[in-house]
1. Any idea which of (1) within 13 Å of the ligand (Cβ to nearest atom); (2) surrounded by 15 or more Cβ atoms within 10 Å (Cβ to Cβ); (3) within 25 Å of the chain's Cα centre (by Cα) is the one Thr329 doesn't satisfy?
2. List the pairs whose first member sits in the range 316-328 and is in contact (Cβ under 8 Å) with a residue 24 or more places away in the chain, whose second member is within 10 Å of the ligand (Cβ to nearest atom) and part of a helix (DSSP H, G or I), and whose Cβ atoms are under 6 Å apart, counting only residues at least 6 apart or on separate chains?
3. Quick one: which of Ala326, Ala318, Ala336, Ala311 is modelled with pLDDT of 90 or more and over 29 Å from Ala200 (Cα atoms)?
4. One residue is enough: does the range 225-248 have a residue meeting the conditions assigned by TED's automatic domain parsing to the domain that holds Leu149, touching a Phe, Trp or Tyr at 6+ places or on another chain (Cβ under 8 Å) and surrounded by fewer than 16 Cβ atoms within 10 Å (Cβ to Cβ)?
5. Out of all the residues in the range 332-380, which are open to solvent by less than 60 Å² (accessible area, probe 1.4 Å) and hydroxyl-bearing (Ser, Thr, Tyr)?
6. State whether one or more residues within the range 214-222 are modelled with pLDDT of 90 or more, surrounded by fewer than 22 Cβ atoms within 10 Å (Cβ to Cβ), touching a His at 6+ places or on another chain (Cβ under 7 Å) and not in a loop (DSSP other than H, G, I, E, B).
7. Just checking, how many residues over the range 13-28 are at pLDDT 85 or above and open to solvent by 30 Å² or more (accessible area, probe 1.4 Å)?
8. Suppose the filter is within 20 Å of the chain's Cα centre (by Cα) and farther than 24 Å from Asp168 by Cβ; does Ala72 pass it?
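The values are calculated or read from the model by the stated rules, or taken from the named source; none is laboratory data. Because the structure is a prediction, the values reported are computed rather than measured. Backbone-built Cβ (ideal geometry, glycine too); neighbour counts: all protein chains shown. Keep in mind that these areas ignore ligands, DNA and RNA; they rest on the heavy atoms of the full protein, side chains included. Shrake-Rupley method; radii C 1.70, N 1.55, O 1.52, S 1.80 Å.
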Amino acid sequence: MSSLDARLDVLRGTSLPLPHNARTLAALTANPACDRRSLIDAAGIDKDALAAHLGLPRPLRKSQLALKHGLAFEHRVIGRDHAELVRLLREALDLALPEVAYEDLNSVANGEDRSSPQLRHARTRSLIISAATNKSAPRTLLNHPVLRLPVAGHHVYLEPDVVAFHHDGTFHVVEIKSFPVIYGQADPASVAAALTQTAAYVLALRDLLADEGLPPERVSDTVVLINPLNFTQRPTATLESAHRQIRSLRRHLDRLRRLPELLDQLPLDTTFDLALDPHGKPTRPRSELTAALARLNPLYTPHCRRHCDLAIHCRNEARSRDRTEALGTTVREDIAGITTVTTALDLADGRLHPADAQEDITRALRHAQRLYTDLQAGTA
Ligand code: SF4
């Protein structure tokens, strides 16, 4: 075990690691400068369990009903020997599929319901290379493959729903999503989030080909989203370009500070171990967890509520520390360099004399203050 892995193990404590997934990578692109999230995700710490133990609301928690709905839809698409999936891909990608063949990579070892990510990745890798180098390779669909992507100097395993191999030599990522397409339109925010997730798979597949000296552009940036149609469970497939999301994710991954640098700034005894008792109940004092979190730099924005389980903790912390980021990204950027709300108000009221670098912002704050006062008095 590397010393990096050993440090991450200490951070996580006795719980099993939660793997990074395309959703957490998409969230990294939403807030790549948050050291707190980068380290917690790299260590595979269960943020939802942390939030629950801290007694916080969990904004990302899906209802059991929504989870059941998603599973039922996926089952409908890939059940009956992939009949629906094959029909949809025939139409969407014009796959030559009299000869369609698939392999389910959930289990690649005898007698196991679900093999380890390492084993599944090795099998995925050999099938992808075989499909890419051998024209008569038999597999056209890989179900539940496992891909690997380096994130901040650390390998993470990713599980797309399906990878389809086209007869013209290109690979397409296929994602099954339970949000609906209603009369040809899906919710744009949901589509954007899905495309950012597929971008992670495309990058991992391209890295795999490039490692073998094969052209990475054989992995298409056109991905297939499969969603329920209108208000039914009937699936429909849509081709979407993930080009923008792929470029953005690559840029963010390249820019991510490497984990060793972040770990170097942390006291060696920092841990988020929940100290579970024999019944799985956390026994770690909340104050210790809060103190451990305070050692990692957050970068809170109100947008965090859409992608991070710790959003309520970080919001409360930003408010209690009087931080401007609690007011939103626009405010934070507009008054860049002024970190607390009190400083901004004192500059606006003239209680504080601005430093040279703060003069422009102070003028703007005082102008806004005047407008606000006039509006209040009805004279504007
Ligand atoms: S909620 Fe907190 S930990 Fe999560 S991304 Fe935002 S600032 Fe970082």
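1. (2)
2. As it stands, the answer is Glu325/Ala318; Ala326/Ala318; Gly328/Pro302, since those pairs meet every condition given.
3. Working: Ala326 fails: modelled with pLDDT of 90 or more; Ala336 fails: modelled with pLDDT of 90 or more; Ala311 fails: over 29 Å from Ala200 (Cα atoms).
Answer to the selection: Ala318.
4. Taking the range 225-248 and keeping what is assigned by TED's automatic domain parsing to the domain that holds Leu149, we get 225-248.
Okay, now just the ones that are also touching a Phe, Trp or Tyr at 6+ places or on another chain (Cβ under 8 Å), so 227-228, 230, 233, 235.
Checking which are surrounded by fewer than 16 Cβ atoms within 10 Å (Cβ to Cβ) leaves us with 230, 233.
Checking the range 225-248: at least one residue is assigned by TED's automatic domain parsing to the domain that holds Leu149, touching a Phe, Trp or Tyr at 6+ places or on another chain (Cβ under 8 Å) and surrounded by fewer than 16 Cβ atoms within 10 Å (Cβ to Cβ).
5. Those that are open to solvent by less than 60 Å² (accessible area, probe 1.4 Å) and hydroxyl-bearing (Ser, Thr, Tyr): Thr340, Thr343, Thr362.
6. Within the range 214-222 (the criterion being modelled with pLDDT of 90 or more, surrounded by fewer than 22 Cβ atoms within 10 Å (Cβ to Cβ), touching a His at 6+ places or on another chain (Cβ under 7 Å) and not in a loop (DSSP other than H, G, I, E, B)), the answer is yes, since at least one residue qualifies.
7. Applying the first criterion (at pLDDT 85 or above) to the range 13-28 yields 13-15.
Right, trim to open to solvent by 30 Å² or more (accessible area, probe 1.4 Å) and you get 14-15.
Count: 2.
8. Values: within 20 Å of the chain's Cα centre (by Cα): no; farther than 24 Å from Asp168 by Cβ: yes.
Here the answer is no, as Ala72 does not meet what is asked.
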